[in-house]
Structures are given as structure tokens and as C-alpha cells.
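The values are calculated or read from the model by the stated rules, or taken from the named source; none is laboratory data. Just so it is clear, the structure is predicted and the values come from calculations on it, not from any experiment. Because the Cβ atoms are built from the backbone with ideal geometry, glycine has one as well, and the counts that use them run over all protein chains shown. Calculation scope for accessible area: heavy atoms of the full protein, side chains included, ligands and nucleic acids excluded. Shrake-Rupley method; radii C 1.70, N 1.55, O 1.52, S 1.80 Å.
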Amino acid sequence: KDPAAIKLTPTAYMKDRRKRSESGITDKTLNNELTYIRAVYNELYALDQVKYENPLAKVKPLKLQQIELSWLTQDQIQELLDVIRSRSAGANPHLELIVLVCLATGARWSEAENLKPSSVRNRAVTFSNTKNGKVRTVPISQELEQRLIQHWKTYGPFTSSIGAFRRALEKTTIELPKGQAAHVLRHTFASHFMMNGGNILTLQKILGHSAVTVTMRYAHLSPDHLQDAVLFSPVSGY
């Protein structure tokens with residue numbers, strides 16, 4: 001238990017992982033931890049701080065059951081916005097604009113929340129504090145651009161609003177899987193983008209995914225997705 005780094009073995013790690021899994025720790029969390037621990041060993045080895053190979057290099061991550069991503073319908077989007085707009089004057093003034101940015105650009109909550117006035121120009125928003133560290137720019141409507149500029153003049157920069165979002169969500173009839181609260185806004189943008197005929201490669205650039213394989217989880221929502229199965233099947237003429 002809690003061995004020195006040099007004494008950690010794949011067998012000991014996997015035994016501990018099994019115990020933690022049985023205690024209720026999710027497989028996704030365990031896989032994330034494996035990634036982090038491997039990275040520490042790799043960095044120490046690269047810096048000549050240790051002379052031995054990564055002991056977890058051959059440990060396989062747990063196989064995850066793919067979870068279908070939730071997204072909001074147009075009616076649900078309207079319900080959420082109505083709840084946000086109907087809140088008392090003392091409510092978080094930034095909440096509606098942050099939600100609109102997420103819905104309009106597919107931004108992660110933290111990316112939208114960290115936007116600054118200098119990030120909005122020429123009818124586009126530029127996200128710099130992104131998950132993969134890459135800067136990306138996404139066009140927005142002139143109306144949203146003007147609302148953002150006026151909002152910041154009146155209220156100043158965005159502040160933490162995730163708590164206000166969760167409280168507003170609880171006042172709606174919307175039910176989401178665990179862990180898909182604010183992130184449902186990003187899924188909603190991507191889902192509607194594909195359902196409206198958007199291109200999967202364009203969506204990849206908008207969302208900032210490093211690989212199109214990640215974006216492909218939205219492909220099935222395209223009106224034309226897999227239609228070649230009908231066109232080219234051996235019974236298409238019957």
C-alpha cells in the first residue's frame with residue numbers, strides 16, 4: 001500500500017484498482033488516474049530523475065461502455081432560457097450570456113466563462129483557455145456580439161456562474177444523466193449542427209477536437225448518416 005515509486009508493480013496497481021472499482025469509483029475516473037500516473041513516470045524518466053522504465057506502461061485502461069450524449073431540444077432550450085430570464089433581479093447577471101455563448105459556439109462552460117471583451121471582435125469569439133491548449137475562433141451573430149459588448153460595459157467581466165446554472169436547471173423539467181449538466185450545452189450545439197446538415201470536419205474545428213474520431217460520436221445525427229446502406233444494399237431494387 002502506498003509503495004515508493006520504484007516499488008510499484010503492474011500487479012499491485014491492478015489489485016488496488018480492482019478494490020477501488022468495487023468501492024464505487026467509476027471506470028472513467030480510474031482510467032484518468034492511470035493516465036496521470038503514467039505521465040508522472042514518463043516525465044521523471046525524461047528528466048533523468050529516475051532510471052527505470054514506466055512500470056504501468058503495459059497496463060491497459062478499463063473498457064468503458066459508451067454513453068449516449070444528451071442534448072436539448074428547441075423546446076428545452078426555450079424552457080431553460082425562460083427560467084434564467086425570469087429569475088429575480090438579484091440573480092447572477094452573467095448566466096444568460098454564458099449559456100448563449102455555449103449554445104452558439106459549442107464552447108465548454110469554462111471557455112465561455114473565461115471570455116474577455118478582447119476575445120470578441122469582427123463577429124467572432126476567440127477561445128484561448130481551452131482543454132487542449134489550442135486557440136480557436138468561432139463566428140457568432142452580430143446580435144450576440146453586440147449583446148456581449150453591451151453586457152461587459154454594464155456588468156464587467158464574467159464571474160463564476162456554474163452554481164447559478166445548476167440552480168436554474170433544477171427549476172426546469174429537464175432531466176440529464178449524471179455529469180452532463182453544463183456540458184449538455186456543448187452537446188446541444190454539436191447535435192443541432194449535425195441535424196441541420198453541418199459538416200463533420202467543420203464541427204471538429206469548431207469544437208476544437210484534436211481528432212475527428214471524437215467528433216464522430218455526433219455523426220449519427222446527420223440527416224444523411226449511413227444512407228448509403230440503403231442506396232448500395234443488395235436488395236435496393238426490390
Notebook entry, point to check: Between a first residue in region 25-40 that is assigned to a helix (DSSP H, G or I) and a second residue that is polar (S, T, N, Q), which pairs have beta carbons less than 8 Å apart while being 6 or more apart in sequence or on different chains?
Noted result: Asp27/Ser21; Leu30/Ser21; Arg38/Asn54
Next item on the list: May I ask you to list the residues in region 62-79 that are open to solvent by 100 Å² or more (accessible area, probe 1.4 Å) and either among the basic types (Lys, Arg) or more than 20 Å from Ser21 (Cα to Cα) (or both)?
Entry: Lys63, Glu68, Gln74, Asp75
Note to self: Just to be sure I understand, how many residues within region 125-144 are exposed (fewer than 15 other Cβ atoms within 10 Å of the Cβ), outside any loop (DSSP other than H, G, I, E, B) and not polar (S, T, N, Q)?
What the structure shows: 2
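Report, by residue number, each residue of region 2-24 that is farther than 21 Å from Lys63 by Cβ and either in contact (Cβ under 8 Å) with a residue 12 or more places away in the chain or touching a Gly at 6+ places or on another chain (Cβ under 9 Å) (or both).
The initial filter retains those residues of region 2-24 that are farther than 21 Å from Lys63 by Cβ, namely 2-9, 12.
Selection gives Ala5, Ile6, Leu8, Thr9.
Quick one: which residue in Val50, Val59 is farther than 23 Å from Thr213 by Cβ, at pLDDT 90 or above and open to solvent by less than 70 Å² (accessible area, probe 1.4 Å)? Step through it out loud before you land on a result.
Values: Val59 fails: farther than 23 Å from Thr213 by Cβ.
Only one candidate qualifies: Val50.
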Notebook entry, point to check: Among the residues of region 199-223, which ones are touching a Ser or Thr at 6+ places or on another chain (Cβ under 8 Å) and either among the acidic types (Asp, Glu) or outside any helix (DSSP H, G or I) (or both)?
Noted result: Gly208, His209
Next item on the list: Pairs only if they're at least six apart or on different chains, beta carbon under 6 angstrom, first in region 145-157 and farther than 9 Å from Pro117 by Cβ, second aliphatic (A, V, I, L, M) and assigned to a helix (DSSP H, G or I); list them, first residue then second.
Entry: His151/Leu97
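What residue, of Arg167, Arg147, is open to solvent by less than 90 Å² (accessible area, probe 1.4 Å) and of a type in the set (D, E, K, R)?
Numbers: Arg167 fails: open to solvent by less than 90 Å² (accessible area, probe 1.4 Å).
That would be Arg147, the only listed residue that is open to solvent by less than 90 Å² (accessible area, probe 1.4 Å) and of a type in the set (D, E, K, R).
Somewhere in region 65-85, is a residue assigned to a helix (DSSP H, G or I), aliphatic (A, V, I, L, M) and free of Cβ contacts under 8 Å to residues at least 24 places away in the same chain? Explain how you work it out, then say what you get.
Step one: of region 65-85, the residues assigned to a helix (DSSP H, G or I) are 74-85.
Checking the rest, the ones that are also aliphatic (A, V, I, L, M) come to 77, 80-81, 83-84.
Filter again for free of Cβ contacts under 8 Å to residues at least 24 places away in the same chain, leaving 81.
So far as region 65-85 goes, yes, one or more of its residues are assigned to a helix (DSSP H, G or I), aliphatic (A, V, I, L, M) and free of Cβ contacts under 8 Å to residues at least 24 places away in the same chain.
Report, by residue number, each residue of region 35-47 that is of a type outside the set (Val, Ile, Thr) and either closer than 14 Å to Ile6 by Cα or touching a Leu at 6+ places or on another chain (Cβ under 6 Å) (or both).
Arg38, Tyr41, Asn42, Leu44, Tyr45, listed by residue number.
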Note to self: Step by step: first the residues of region 70-123, then only those that are under 14 Å from the mean Cα position of the chain (by Cα) and among the small types (Gly, Ala, Ser), then the one that is nearest to Ile200 (Cα to Cα). Which residue is that?
What the structure shows: Gly106
Next item on the list: For Asn31, indicate whether it is of a type in the set (S, T, N, Q) and in contact with a Ser or Thr (Cβ under 9 Å, 6 or more places away or on another chain).
Entry: no
Check: Would a scan of region 86-108 turn up a residue that is free of Cβ contacts under 8 Å to residues at least 12 places away in the same chain, open to solvent by less than 60 Å² (accessible area, probe 1.4 Å) and within 24 Å of Gly208 (Cα to Cα)?
Finding: no
Note to self: Tally up the residues in region 1-24 that are loosely packed, with under 11 Cβ neighbours inside 10 Å, of a type in the set (A, V, I, L, M) and part of a helix (DSSP H, G or I), please.
What the structure shows: 1
